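Working notes, structure below.
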Amino acid sequence: MSTTVKRFLLEPGGCLRGRIRVPGDKSISHRSIMLGSIAEGCTEVSGFLEGEDALATLRAFRDMGVVIDGPERGRVTVHGVGLHGLKAPLDVLNLGNSGTSMRLMSGLLAAQSFDVTMCGDSSLSKRPMRRVTEPLAQMGALIDTSADGTPPLKIHGGRALVGIEYTMPVASAQLKSALLLAGLYAAGTTSITEPALTRDHTERMLRGFGYAVTTDGSTASLKGGGTLKGCAIDVPADISSAAFFLVAASIAEGSDLLLEHVGVNPSRTGVIDILRMMGADIVLLNERDVGGEPVADIRVRSAPLKGVEIPGEAVPRAIDEFPVLFVAAACAEGQTVLTGAAELRVKESDRIQAMADGLIALGVDAQPTEDGMVIRGGALGGGTVESHDDHRIAMAFAVAALRADSAITVRDCANVNTSFPGFVALARECGLRISDGG
Ligand code: S3P
């Protein structure tokens with residue numbers, strides 16, 4: 001785990017101008033390593049996110065015998081070993097802070113011939129895993145969790161899996177993906193139905209590797225026993241990282257910012273839809289298809305925001321963006337209401353409580369609820385806020401400083417490196433008054 005940045009110090013005010021490219025998409029970066037590893041032949045990845053989470057996945061597959069060159073300026077070559085070529089790691093796989101690594105790999109590793117144990121840091125060790133292990137058990141997997149259903153996970157190898165039809169109780173792309181990855185090895189068909197649209201990068205990327213996946217309404221299905229063929233993957237910039245700048249430029253008067261080559265997959269663009277409902281001035285330019293994923297340049301200019309009731313449909317499509325959307329709400333005129341987002345309580349931190357506590361410390365009228373938040377926009381003060389070691393909480397409060405009346409200190413920001421290495425330098429470059437407080 002990188003320990004280079006522990007505190008962010010922010011002077012109030014400023015605006016954002018220029019054109020920037022934020023780092024690569026975290027979800028797509030994880031999947032490029034996983035699918036590249038079990039494909040036949042080489043997979044050439046560009047734009048790979050060199051953040052701690054995706055690097056944890058990369059190291060885990062190296063530990064299972066996959067030769068992976070790079071990353072070197074976002075370039076990675078994965079020498080695929082085929083569906084049955086992974087080897088038992090010598091040790092426990094430590095996945096750090098990364099829930100995506102652990103959940104997706106649960107499905108993939110449940111079908112291997114060897115035993116493997118996965119662990120993580122103190123945050124990951126508290127996160128619910130039964131949502132994955134229970135349906136995998138229905139497929140024939142044997143996975144031990146702690147008594148609370150949390151990591152470490154011990155996966156027993158040598159199990160024959162069978163396909164299932166499964167309706168997910170939560171809208172989770174991690175769960176859907178874990179089951180589809182297990183389904184690659186299962187006898188027959190695996191069909192997963194989701195209660196709301198969640199990110200579909202796994203389905204799209206499997207198709208890019210030449211593997212047939214059908215999507216019928218809210219159900220994704222595949223048959224086990226095929227093969228993946230190595231391919232080229234151009235990872236777009238992460239809309240979840242771009243989101244900090246979408247909000248920052250919206251709330252800071254005088255801003256005009258262009259975000260280049262951002263992934264705008266409709267299962268991820270809830271943040272744009274919600275900000276536009278609030279009155280944001282966001283324009284998608286040069287929309288194109290890059291390897292099966294929609295990509296665009298995004299121009300955002302400051303605009304007065306108003307409070308909204310966030311539609312339930314948008315919640316899973318903006319699930320990682322709520323910390324910074326709460327900041328937008330704090331700067332908007334009137335009341336913003338979020339419901340149906342209980343999942344936020346089991347992310348890298350309890351994001352409802354962490355954001356409510358920090359906003360209240362800055363003088364905002366924020367009321368946490370069981371499954372969301374009610375925020376009344378108004379003036380923002382300065383002060384010290386806790387990030388709870390959560391990358392997205394840290395970056396959200398950095399953005400809040402643009403509208404604060406005095407300085408903000410954000411504590412424990414080292415985990416920003418899990419998803420957004422270089423955040424401080426890039427944010428400074430386009431106008432945020434941020435420094436790394438050591
Ligand atoms: C992810 C899915 C989301 C998201 C996470 C990445 C993925 O989690 O919060 O950051 O890559 O599939 P859930 O699917 O559990 O909501």
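Figures for the structure shown
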| item | result |
| --- | --- |
| Farthest toward positive dipole pole in the chain [+1 Lys/Arg, -1 Asp/Glu at C-beta], among Ala232, Gly378, Val324 | Ala232 |
| Within the range 97-140: backbone nitrogen closer than 12 Å to the Lys154 label point (7 Å, Cα to C-beta) | 115-118 |
| Two-site label geometry, Lys306 and Lys126: point separation in nm, points 7 Å out along Cα→Cβ | 3.9 |
| Over 31 Å (Cα to Cα) - which of Lys26/Lys87; Lys6/Lys306; Lys6/Lys229; Lys154/Lys223; Lys229/Lys347; Lys87/Lys229 fall in this group | Lys6/Lys306; Lys6/Lys229; Lys229/Lys347 |
| Label-point separation in nm, Thr117 to Glu287, each point 7 Å along Cα→Cβ | 5.0 |
| Backbone HN-Hα couplings from phi across the range 365-374 [Karplus 6.51/-1.76/1.60, Hz, Gly and Pro as x] | 7, 10, 10, x, 10, 4, 10, x, 7, 10 |
| Separation in nanometres of the label points that stand 7 Å from Cα toward Cβ, at Ile20 and Thr369 | 3.3 |
| Estimated dipole of the chain in Debye, rounded to 20 [Cβ of Lys and Arg +1, of Asp and Glu -1, Cα centre] | 440 |
| Carbon + sulfur, % of accessible area of the range 228-345 - ligands and nucleic acids excluded, 1.4 Å | 52 |
| Highest-first arrangement of 360-371, 25-36, 278-289, where packing means the average Cβ count within 10 Å | 25-36, 360-371, 278-289 |
| Of all accessible heavy-atom area on the range 20-144, the percent that carbon and sulfur account for (1.4 Å) | 47 |
| Rounded to 5, the percent of DSSP beta bridges in the range 26-234 classed as antiparallel | 70 |
| Gain in span if fully extended, Thr215 to Glu11, counting 0.36 nm per residue against the direct Cα distance | 68.6 nm |
| DSSP beta bridges in the chain [antiparallel fraction, %, rounded to 5] | 70 |
| Dipole of the chain, positive end: most advanced residue of Ser419, Met64, Leu175 [Cβ charges, Cα centre] | Met64 |
| The range 292-351 - accessible surface per residue (Å², probe 1.4 Å) | 31 |
| Surface per residue (accessible, 1.4 Å probe) for the range 1-71, Å² | 35 |
| For the chain, alpha-carbon Rg and Dmax in angstrom | 20.9, 61 |
| Cα gyration tensor, the range 284-438 - rounded (a/c under 1.5), prolate or oblate | rounded |
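The values are calculated or read from the model by the stated rules, or taken from the named source; none is laboratory data. It should be emphasised that the depicted structure is a prediction, and the values quoted were computed from it without experimental measurement. Glycine also receives a Cβ, built like all others from the backbone with ideal geometry; neighbour counts cover every protein chain displayed. To get the accessible areas, we keep the full protein, side chains included, count just its heavy atoms, and leave off ligands, DNA and RNA. Shrake-Rupley method; radii C 1.70, N 1.55, O 1.52, S 1.80 Å.
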